[in-house]
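Contents: one structure, followed by commentary.
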Amino acid sequence: MNVDITGPRILLSIPALGGFMLTESVVTTWIVMLILVLICRFLTKDMQVRPQKKRQVIAEWMVTSIQDLVKNDMGDNFLGTIYVPFIGALFALSAGCSISSVFGAKAPTRDLSTVLGWGVLVFILITYNKIKYGGIGGYLKGFTEPVFVMTPMNIISEIATPLSMTFRHFGNIVSGSVITALIYGGLSVLSHAVLGLIPGAVGSVLSQIPLLQFGLPAILSLYFDFFSSFMQAFIFCTLTMVYIGGAAGN
Amino acid sequence: MDAQTTQVLAKAIVAGLSALGAGCGMSGGIGPGIGEGYAVGKAIESMARQPEMRGTLTTTMFMGCAVAETTGIYSLIIALILIFANPLVSMF
């Protein structure tokens, strides 16, 4: 049984660029991004004012649902800004990265660095919006509220926001993969023990094949790979929208 | 006892206590379990009262569950660090 939660495999290391390391999760993310771009190109090919093809209807449904999400969580004045495509891209990338584990890749979201990158991006956007809507004085004054003594607490909670989002996403995906690995290992041992009870040559041959590994892991994979992936992507995006909307004073 | 034996013993004690700590730390999973169960129960009550609000209630419930899950996830991460990437063992 091999439960591996150490960092991603390093495929290539370039000492000339200051020890730049190309990891497996970077390559997988690139592949996911390429697939997403190709899907977008396919869905938006020869669009017409009156939709004739199914794929245009799907594309329009995607865009309107993201617009509705942004309108509900961030307010009307964010509609039509850069945040609509940003949230859509974040959702698609997060869900795509997590689901890539179905195709045998090690999901990039199992790597803390990937999710921490998104968390830092969201933190920058929150701070940018706070300064944009409240001014730099208002931003600094926000730390001293409600009383001046609370300043250290406010600074900690400011830093905890992106960290909590990161660990929530990372922890959910990693716990799913650890549980799946444990169940695979357990089922292999169990089928070896149970099928070994059959006497004669039939038992000794059958006990080498982990027959019990069929079935149950598929149901778990349905939950951990599909449901959990979309759920975490949705939650990450909703929290992003709530925090940015809150920073803008809605 | 020579120095090497002491070192091995120290590492063994740290590793064993870390495993114990990871197990104890996962008792942090109790809180989210209770909290999520409570949230889902309330959501079902509301759905029984207002079945037409089902969509909104389900979305909000999942959001709340995911946020309530955070403390459990924190303890999971601490447990994983203690088991797989223990920083304390290398101190000896």
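The values are calculated or read from the model by the stated rules, or taken from the named source; none is laboratory data. Predicted, not measured: the structure shown is a model, and the values here were computed from it. Here the Cβ is made from the backbone with ideal geometry for all residues, glycine too, and neighbour counts use every protein chain on show.
Data overview
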{"read-out": "Residues located in region B:1-38, provided they are among the β-branched types (Val, Ile, Thr) and touching a helix residue (DSSP H, G or I) at 6+ places or on another chain (Cβ under 9 Å)", "value": "B:VAL14, B:ILE30"}
{"read-out": "Qualifying position, being under 30 Å from A:TYR223 (Cα atoms), of a type in the set (Phe, Trp, Tyr) and part of a helix (DSSP H, G or I), among A:PHE170, A:PHE143", "value": "A:PHE170"}
{"read-out": "Region B:50-89, subset more than 9 Å from chain A (Cβ to nearest Cβ) and in contact with a Leu (Cβ under 9 Å, 6 or more places away or on another chain), residue farthest from A:PHE170 (Cα to Cα)", "value": "B:GLN50"}
{"read-out": "Residue match in region A:104-116 (condition: surrounded by fewer than 20 Cβ atoms within 10 Å (Cβ to Cβ), within 14 Å of chain B (Cβ to nearest Cβ), polar (S, T, N, Q) and over 16 Å from A:GLY245 (Cα atoms))", "value": "no"}
{"read-out": "Single condition A:LEU212 does not satisfy, out of (1) touching a helix residue (DSSP H, G or I) at 6+ places or on another chain (Cβ under 6 Å); (2) without any contact (Cβ under 8 Å) to a residue 40 or more places away in the chain; (3) not in a helix (DSSP H, G or I)", "value": "(3)"}
{"read-out": "Which listed residue, of A:SER228, A:SER204, A:SER221, A:SER188, is assigned to a helix (DSSP H, G or I), at negative phi and more than 32 Å from the chain's Cα centre (by Cα)", "value": "A:SER204"}
{"read-out": "Residue in region A:169-180 that is among the aromatic types (Phe, Trp, Tyr), crowded, with 20+ Cβ neighbours inside 10 Å and either modelled with pLDDT under 85 or in contact with a Leu (Cβ under 7 Å, 6 or more places away or on another chain) (or both) present", "value": "yes"}
{"read-out": "Positions within region A:168-190 being within 10 Å of another protein chain (Cβ to nearest Cβ) and in contact (Cβ under 8 Å) with a residue 12 or more places away in the chain, in sequence order", "value": "A:ARG168, A:HIS169, A:PHE170, A:ASN172, A:VAL174, A:VAL178"}
{"read-out": "Criterion violated by B:ILE44 - all others in (1) within 12 Å of chain A (Cβ to nearest Cβ); (2) out of contact with any Asp or Glu (no Cβ under 6 Å at 6 or more places or on another chain); (3) not aromatic (Phe, Trp, Tyr) satisfied", "value": "(1)"}
{"read-out": "One residue from A:LEU12, A:LEU34 being within 30 Å of A:SER113 (Cβ to Cβ), among the aliphatic types (A, V, I, L, M), away from every other protein chain (no Cβ under 14 Å) and assigned to a strand (DSSP E or B)", "value": "A:LEU12"}
{"read-out": "Complete set of residues in region A:6-56 that are of a type in the set (Lys, Arg) and surrounded by 10 or more Cβ atoms within 10 Å (Cβ to Cβ)", "value": "A:ARG9, A:LYS45, A:LYS53, A:ARG55"}
